[in-house]
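I have placed the structure first, in the form of structure tokens, so that the comments after it can refer back to it.
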Amino acid sequence: MIPKIHPTFKLNGRHLNHQGVMIVAYSYVKEGTEWEKEVGDFLLNWLDDFDVMTVFTSGSTGSPRQYKLNKQHMINSAIMTGEHFDLGPGTEALCCLPLSYIAGKMMMVRALMLGWEIDLVKPNSNPLKKAEKRYDFTAMTPMQVKKSLKNIHKTKMVLIGGAAIRSQLIDDLQHKHTKAFHSYGMTETASHVAIKQLYPKFENEYTAVGDINFSQDNRDCLVINAPSLGTNNLITNDIVELIDEHKFKILGRIDDVINTGGIKIHPDMVEQKMAAHIAQRFFITGMNDEDLGEKVILIVEGKESDLQQAFTALDKYEIPKEVYFINSFEETHTKKVDKRSTLERLFRK
């Protein structure tokens with residue numbers, strides 16, 4: 001299929017039809033910088049006559065892998081997002097995410113299909129710094145939001161995704177006059193399937209987008225049913241508290257659960273308790289232990305410091321038995337912390 005372009009679509013201030021988009025795409029590929037070539041490649045692939053598009057997973061839970069998404073499912077996802085946030089034709093949006101991965105691709109799909117007026121900037125840690133207008137909608141990573149707090153007022157709404165959000169960042173978003181949301185999704189579902197509001201109202205649970213509904217498997221892990229996205233009974237490794245078929249709370253990942261002396265510890269929940277007391281990036285994980293089976297350990301990025309204050313909010317089984325500092329974390333292609341590679345480097349003999 002060759003997707004049609006909405007008649008009100010604008011790219012960097014210019015109305016573009018199918019032919020115009022193709023010209024811009026070829027120009028980006030031939031003469032653009034590295035990030036612009038990614039834009040050009042995406043546009044050419046989007047407007048070819050194949051029904052599917054090859055995308056890559058982020059690599060946060062393993063090596064990045066190829067995945068084929070149906071273009072119609074991507075369009076359906078874009079429509080659901082537009083309806084959920086009431087973002088129709090003429091929406092002014094900023095795309096500051098790389099188009100090599102699903103989040104950036106879907107920003108462009110929404111613009112093309114819903115008739116948005118989208119501006120592209122090179123992906124960087126503070127993409128709103130040079131913005132000269134106030135956008136209606138922007139999607140960003142937690143790191144970008146953290147670095148953009150002084151300029152976050154330049155977007156009326158920010159959708160944060162790609163990684164967990166620390167409680168301190170949620171506090172920092174208060175009274176910034178920008179609506180903030182956190183997304184839950186993955187490459188296989190063509191971006192988000194559920195949304196949680198952070199500001200002005202804080203919600204503990206994620207709410208389904210569109211016709212999507214949820215259930216649990218026998219491990220208490222989330223199962224996604226999204227007919228319009230071509231997804232039925234997609235089993236995740238995210239342990240959840242299911243509120244109803246449209247709402248859930250995330251407790252952690254089953255492959256991250258630490259069994260220490262018969263007590264199950266969820267790293268995500270421990271990290272949330274500690275986040276207000278540790279300025280650096282950090283994560284909780286388990287290490288083999290002769291007596292406990294596994295013991296809780298803390299890995300911190302940066303210089304050594306006294307972290308005893310961070311332990312005061314923890315239950316006794318949650319308190320790390322050991323703390324390790326490392327100069328810098330390894331990262332995935334999408335700038336998420338690569339825990340596996342970080343641990344391999346830290347404990348390499």
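The values are calculated or read from the model by the stated rules, or taken from the named source; none is laboratory data. Predicted, not measured: the structure shown is a model, and the values here were computed from it. Please note: Cβ atoms are built from the backbone with ideal geometry, for glycine as well, and neighbour counts cover all protein chains shown. Heavy atoms of the whole protein, side chains included, go into the accessibility calculation; ligands, DNA and RNA do not. Shrake-Rupley method; radii C 1.70, N 1.55, O 1.52, S 1.80 Å.
Among rounded, prolate and oblate, which fits region 1-145 when a ≥ b ≥ c are the square roots of the eigenvalues of its C-alpha gyration tensor, a/c under 1.5 means rounded, and a/b larger than b/c means prolate? In terms of gyration-tensor shape, rounded. Of all lysines in the structure, those lying under 17 Å Cα to Cα from K37, and not within fewer than 8 positions of it along the same chain, are K105, K122. Neighbours of E36 by Cβ distance under 12 Å: Lys/Arg scored +1, Asp/Glu scored -1, total -1. Computed from Cα atoms, the angle from the helix 102-114 axis to the main principal axis of the chain rounds to 30 degrees.
Once you have a ≥ b ≥ c as the square roots of the Cα gyration tensor eigenvalues for region 61-208, tell me rounded if a/c is under 1.5, and otherwise prolate or oblate according to whether a/b is larger than b/c. Rounded is the answer for region 61-208, as its axis ratio a/c remains below 1.5.
Let me know the shape class of region 171-288, please: from the alpha-carbon gyration tensor, a ≥ b ≥ c as square roots of the eigenvalues, rounded when a/c is under 1.5, otherwise prolate if a/b is greater than b/c, or oblate.
oblate
Shown is the FRET efficiency for D49 and T8, computed with R0 = 30 Å from the Cβ-Cβ distance and rounded to the nearest 0.05: 0.80. Taking Cβ atoms as reference points and 13 Å as the exclusive limit, the residues near F56 contribute a net charge of 0, counting Lys and Arg as +1 and Asp and Glu as -1. Sequence-ordered 3J(HN,Hα) estimates for region 312-325 from the Karplus curve with 6.51, -1.76 and 1.60 and θ = phi - 60° stand at 5, 8, 9, 5, 4, 6, 8, 5, x, 6, 9, 10, 10, 10 Hz, glycine and proline given as x. Between the beta carbons of E34 and I319, assuming R0 = 56 Å, the FRET efficiency works out to 0.80 to the nearest 0.05. Cα centroid distance between region 312-349 and region 160-191, in Å? A separation of 22 Å, based on Cα centres.
A simple rule links phi to the HN-Hα coupling: the Karplus curve 6.51 cos²θ - 1.76 cosθ + 1.60 with θ = phi - 60°, which for region 193-205 gives 10, 8, 10, 10, 7, 10, 7, x, 9, 9, 10, 7, 10 Hz, with x for Gly and Pro. On a C-alpha basis, how far is the centre of region 198-271 from the centre of region 290-306 in Å? Whole number, if you could? Answer, in whole Å: 26. For an R0 of 56 angstrom, estimate the FRET efficiency from the Cβ-Cβ distance between M269 and S27 and round to the nearest 0.05. Using R0 = 56 Å, I get an efficiency of 0.70. Averaged over its residues, the chain has an accessible area of 50 Å² per residue, based on protein heavy atoms and a 1.4 Å probe.
In the complete set of protein chains, residue-level accessible area for I239 is approximately 20 Å², probe 1.4 angstrom. Once both axes come from the Cα atoms, what is the angle between helix 34-46 and the longest principal axis of the chain, in degrees from 0 to 90, rounded to 10? The answer is roughly 60 degrees.
Projecting the Cα atoms of V52, T138, N17 onto the charge dipole of region 15-139 (Cβ charges, centred on the Cα centre) puts T138 farthest toward the positive pole.
Quick check: at a probe of 1.4 Å, how many percent of the accessible area of region 290-349 sits on carbon and sulfur atoms? Roughly 44 percent of what the probe reaches on region 290-349 is carbon or sulfur.
Starting from the Cα-Cα distance between I170 and I79, subtract it from 0.36 nm times their residue separation and give me the gain in nm to one decimal. Could you put the intermediate results ahead of the total?
On the way: separation 91, 0.36 × 91 = 32.76 nm, distance 2.75 nm.
Working it through step by step, the gained length comes to 30.0 nm.
Lys and Arg at +1, Asp and Glu at -1: add these up for the other residues within a Cβ distance under 13 Å of D289 and post the number. It would help to have the intermediate numbers written out before the result.
On the way: positive: K295, K321; negative: E290, D291, E294, E322.
For residues surrounding D289, the net value is -2.
Residues whose amide H comes within less than 5 Å of that of Y135, counting only those at least five positions distant or on another chain, are T155, K156 (H built at 1.01 Å from N in the peptide plane). 3J(HN,Hα) along region 86-99: 6, 10, x, x, x, 4, 8, 10, 10, 9, 10, 10, x, 7 Hz, from the Karplus curve 6.51 cos²θ - 1.76 cosθ + 1.60 with θ = phi - 60°, whole Hz, x for Gly and Pro.
Estimated at the nearest 10 Å², the accessible area of H6 is 50 Å² with a 1.4 Å probe. Amide H to amide H, with H built 1.01 Å from N, G252 comes under 5 Å of I239, counting only residues 5 or more places away or on other chains.
For the pair Q66 and D217 in one chain, pulling the backbone fully straight at 0.36 nm per residue adds 51.8 nm over the alpha carbon distance.
Would you mind checking which residues have amide H under 5 Å from F325's amide H? H placed 1.01 Å from N; only 5 or more apart, or other chain. Residues meeting the criterion, in which the H sits 1.01 Å from N, are V300.
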